[in-house]
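Undergrad: One structure, pasted below without further comment.
Just so it is clear, none of the values below were taken in a lab; they were calculated from the coordinates. All of these numbers come straight from a predicted model, not from anything done at the bench. Here the Cβ is made from the backbone with ideal geometry for all residues, glycine too, and neighbour counts use every protein chain on show.
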Amino acid sequence: MIFPKIKVLRSHGWQYIPDLNAVELTEEFRGRPELSETSDMKDVEAAAAMCPTGAISVKPFTLDLGRCLFCGECALRAPKNIRFTNDYHIASTSREALVVKPGDKQVVFHPENIRPEIPRLFKKALKLRQVSAGGDSSIEMELNATGNVNFDFGRYGVDFTASPRHADGVVVTGPISKAMAEPLKICYDAVPEPKVLMICGSEACSGGLFADSRTVDREWLNGRHVDLWLPGAPTHPMTFIDGVMNLVGRKKR
């Protein structure tokens, strides 16, 4: 009876990732884009026109990861100008850093924006309350995956908790619908100070496809200090892990 199970385990291979700082994703993964300007920008203009979230600007030529759905259609339409790499190190403490320009070889993390109390208090342990503010469950599933047998982010003391009273911060996913605006505020207010605020996924960063919807209310974000911006549609577990580890001082990009 045990031999078929052993056969399945062997076919799956070694799933556990020993070092989360040394992960390299497959070449097929769409991560940080690289932009190149050419004399003829008509393909970029066409790509910008077809982008459903307005993530691409022609003048100046930029690509906003906070709006990008990572569908890859722009790279197919303008292959000489837009190329997606497999670089998952795309989280930042600055919303402006998510806007990629020609010649950029990395998304700058801006460690100078980190509040001193965050690494001092949460370097060894960080408990987070995740709030799906109108999300589609895709990012929520990826965040759940950070604790599975592959990534086991809990070994670094980072876990999700059900109660905001037991949390050190809030991870917001989804565009923030009107129905979730007040529950999000209640949850955030229930987390004791000092607390961390993370905005995870393109929908949370900008509203994504639903930015202009009358059912979205993003007013709660106005005036809030966001400690970590995590783009992606959905956000890959390694993007989240890398961003959080940089935020709490467990590594430096």
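Undergrad: Please specify each residue of segment 200-253 satisfying the condition of being part of a helix (DSSP H, G or I), in contact with an Asp or Glu (Cβ under 8 Å, 6 or more places away or on another chain), within 16 Å of Ile90 (Cα to Cα) and among the hydrophobic types (A, V, I, L, M, F, W, C).
TA: Phe240, Leu247
Undergrad: Further question on the same structure: Could you grab me the full set of residues in segment 57-68 that are buried (at least 19 other Cβ atoms within 10 Å of the Cβ) and not small (Gly, Ala, Ser)? If you could, list the steps in order and put the result at the bottom.
TA: Initially, segment 57-68 is screened for residues buried (at least 19 other Cβ atoms within 10 Å of the Cβ), giving 61, 63-68.
Correct list: Phe61, Leu63, Asp64, Leu65, Arg67, Cys68.
Undergrad: Sticking with this structure for a sec: Taking Gly201 as the residue in question, decide whether it is under 23 Å from Leu121 (Cβ atoms) and among the small types (Gly, Ala, Ser).
TA: Values: under 23 Å from Leu121 (Cβ atoms): no; among the small types (Gly, Ala, Ser): yes.
Spelling it out, it is not the case that Gly201 is under 23 Å from Leu121 (Cβ atoms) and among the small types (Gly, Ala, Ser).
Undergrad: Under 7 Å between Cβ atoms, which residue pairs at least 6 apart in sequence (or on different chains) link something in segment 131-151 that is over 17 Å from Thr161 (Cα atoms) with a partner that is assigned to a helix (DSSP H, G or I)?
TA: Gly134/Met180; Gly135/Glu203; Phe151/Leu20; Phe151/Ala145; Phe151/Pro237; Phe151/Ile241
Undergrad: Identify all residues within segment 22-56 that are surrounded by fewer than 10 Cβ atoms within 10 Å (Cβ to Cβ) and closer than 29 Å to Tyr156 by Cα; write none if there are none.
TA: Within segment 22-56, Ala22, Thr26, Glu27, Glu28 meet the criteria.
Undergrad: If I go through segment 71-92 residue by residue, how many of them are under 18 Å from Ser206 (Cβ atoms), surrounded by 22 or more Cβ atoms within 10 Å (Cβ to Cβ) and either in contact with a Pro (Cβ under 7 Å, 6 or more places away or on another chain) or not aliphatic (A, V, I, L, M) (or both)?
TA: 3
Undergrad: Here is a further query. Name, by its number, the condition in (1) assigned to a helix (DSSP H, G or I); (2) under 27 Å from His110 (Cα atoms); (3) more than 18 Å from the chain's Cα centre (by Cα) that does not hold for Glu182.
TA: Condition not satisfied by Glu182: (2).
Undergrad: What number goes with the only condition from (1) in a loop (DSSP other than H, G, I, E, B); (2) touching a strand residue (DSSP E or B) at 6+ places or on another chain (Cβ under 6 Å) that Ala47 does not pass?
TA: (1)
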